[in-house]
Structure formats: C-alpha cells, structure tokens
1. Does residue 25 satisfy being among the β-branched types (Val, Ile, Thr), at pLDDT 75 or above and surrounded by fewer than 11 Cβ atoms within 10 Å (Cβ to Cβ)?
2. So is residue 69 closer than 21 Å to residue 243 by Cα, under 20 Å from the mean Cα position of the chain (by Cα) and among the aliphatic types (A, V, I, L, M) or not?
3. Is it fair to say residue 275 is touching a Lys or Arg at 6+ places or on another chain (Cβ under 7 Å) and under 23 Å from residue 29 (Cα atoms)?
4. Just checking, how many residues over the stretch 18-31 are in contact (Cβ under 8 Å) with a residue 12 or more places away in the chain and part of a loop (DSSP other than H, G, I, E, B)?
5. Among the residues of the stretch 110-132, write down those that are closer than 12 Å to residue 203 by Cβ and basic (Lys, Arg).
6. Keeping to the stretch 66-99, report how many residues are outside any strand (DSSP E or B), out of contact with any Asp or Glu (no Cβ under 7 Å at 6 or more places or on another chain) and within 26 Å of residue 160 (Cα to Cα).
7. Just to be sure, is residue 243 touching a Phe, Trp or Tyr at 6+ places or on another chain (Cβ under 8 Å), open to solvent by less than 30 Å² (accessible area, probe 1.4 Å) and either among the polar types (S, T, N, Q) or farther than 23 Å from residue 122 by Cα (or both)?
Amino acid sequence: KEVFPVCVVNTVDSLHSPQPFQYSTSLYYPQEASYYQQHFGGAIGCDCKGICNVSQACSCYSKNGSVFAYLNGGVLVKERAIIYECGSNCKCPLSCRNRLTQRGMKYRLEVFKTEDRGWGLRSWDSIPAGSFICEYTGKLIENTQPLHSRDYLLDTSRLPQNIPQWGDASNLLSTRTSQFKDFAPRPDILIDSSQTGNVSRFINHSCSPNVFAQCVAWNHHDSKHPHIMLFAMDNIPPFNELTIDYGTQSPSLDSRWVAKLCLCGSEECKGIFYT
C-alpha cells in the first residue's frame, strides 16, 4: 500500500510480527466530520497554470500567508499551526511544491523489535532535517473514553509546544517570507491507531525526539480536522530509531492521563511520559 514495501525485522525474540491491524494510508474521519468537509469544508482549489509560483494569484498560496511552506527541494521552511496544501480541486500538477505530503513516503522504512520498548520504526535511508516522513493515520476520535488502551494514541494537545517553533529558514529567503508570523494555535486532534493505522503507529516516545508533527489540510479547508504529517526534526542517519515526544509535561489534575515509565535512554529523559 506504500510507495516502498515496509519490512518487519525481529532479532530480539521469536515473535514473527506485531499484532494484526488494518493497514491504512489514509485517516478515517468520524461521520460528522466527513459530512462537514463534504458540504462545507471543501477546498475551492487554485486556478494556477502549471506549478504554483509567486507570480500567480494562487488561492492556496494566499491561505498560507502568501508564502510557500516548503522549499523547492521539499523541505519544510518553518513549523506552523496548519499548512494548506493544494488538492484535487486545484489545477496545478502533483509535482507542485505545495503538494508535498500527498505524494506519499519517499524513504524506506522498517518496523523492528526493540530490546525493551516493543516494536519501533527506523529508516534505511538518511532523512534530512525538515523532510516529510509519513502521515500519522488511524481513526479520528472525539474523546478517549471508549478506548480500551492508549498505547496507540496521538493527542496533539499533549505534544510539546516548541518555542521557538522548529525550523526557520526565512532569513535565507525573501523579505516577505521572513516577515510572516504564525500565531494561530495548533488544532487539538485525537487519532487512535490501535485497530487501523500505518507504520507511524510504531514510533516510540523519546524525551529527545527526532520527529515532530505538523498539521496539514488538503482537499478540504476544515482546520479542525487536518492531517497529521510527521517531519524530521534533525538529520536522521540510516537505521536510527524514529521517535516523537508524545507528552512529558504533567497533565496536573487531569486523572484521565496515566504516567508510564520512559525507557528512551536520552540524557534529557524525564523518567515518565503520559498516555
């Protein structure tokens, strides 16, 4: 189902593979969200002739603050609350620089068994900082109460708010780009990948992660239900485990969250994280 086959490797024990789940390259929306997108949130689409550029009156370019979110080589310029990509209603081709994450994975990924943290994910290839890795897929849910387990839950409200935000190549770009400021809050999204998901569900927690989540909308402009795209936070060498910070900040009096022992091994390890 992916651009490249995904291998599963276990040199730790005799377990053949992870527990069965439905593999999906797309995000499943609840019925009410799908209805909203179909009837009210559909993207009008740009009328650009050929690849979108600054000389055309591109509606998607305008929605992003009249700056491009990605460099020509496909590297994220700066982390934002949400990025609006061109979609199927746009006249520009799939090769447009504003269609980065919809092209699928371009790195060969491998699910592997770790010594003490279950299954993990790594890449056969070097991944440059700011590069798109894959989408976090699963089922978009409204609350966590029906869940039997939170082992495969991504909650964007628990993700660290990086201040300053990751990446900023704007000082190397145009003056207009460097003046763009994004003060919008990141949408709160809950994705359950326990039964349905892709390779992203195997990304383990780390207090010193090398992957971060970026909200992206395409084919609809419903900012409440974007896609969660994963990007490299740093240059990641081949066969280094891909990790993300699922939430180490104490949830204070919220009893819904359960503290788990963190085994990331980082020098900055906080000892626990919350799910």
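1. Answer is no for this residue.
2. no
3. In short, yes.
4. 8
5. 117, 122
6. Of the residues in that region, 9 qualify.
7. no
Each row is one residue, and each column tells you yes or no for (1) surrounded by fewer than 21 Cβ atoms within 10 Å (Cβ to Cβ); (2) hydrophobic (A, V, I, L, M, F, W, C); (3) more than 24 Å from residue 237 (Cβ to Cβ).
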{"residue": "57", "(1), (2), (3)": "yes, yes, yes"}
{"residue": "63", "(1), (2), (3)": "yes, no, yes"}
{"residue": "69", "(1), (2), (3)": "no, yes, yes"}
{"residue": "75", "(1), (2), (3)": "yes, yes, no"}
{"residue": "111", "(1), (2), (3)": "yes, yes, no"}
{"residue": "114", "(1), (2), (3)": "yes, no, no"}
{"residue": "124", "(1), (2), (3)": "yes, yes, no"}
{"residue": "127", "(1), (2), (3)": "no, yes, no"}
{"residue": "136", "(1), (2), (3)": "no, no, no"}
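The values are calculated or read from the model by the stated rules, or taken from the named source; none is laboratory data. As the structure is a computational prediction, the values presented were derived from the model and not from experiment. Because the Cβ atoms are built from the backbone with ideal geometry, glycine has one as well, and the counts that use them run over all protein chains shown. Protein only, heavy atoms only, side chains kept; ligands, DNA and RNA dropped before computing areas. Shrake-Rupley method; radii C 1.70, N 1.55, O 1.52, S 1.80 Å.
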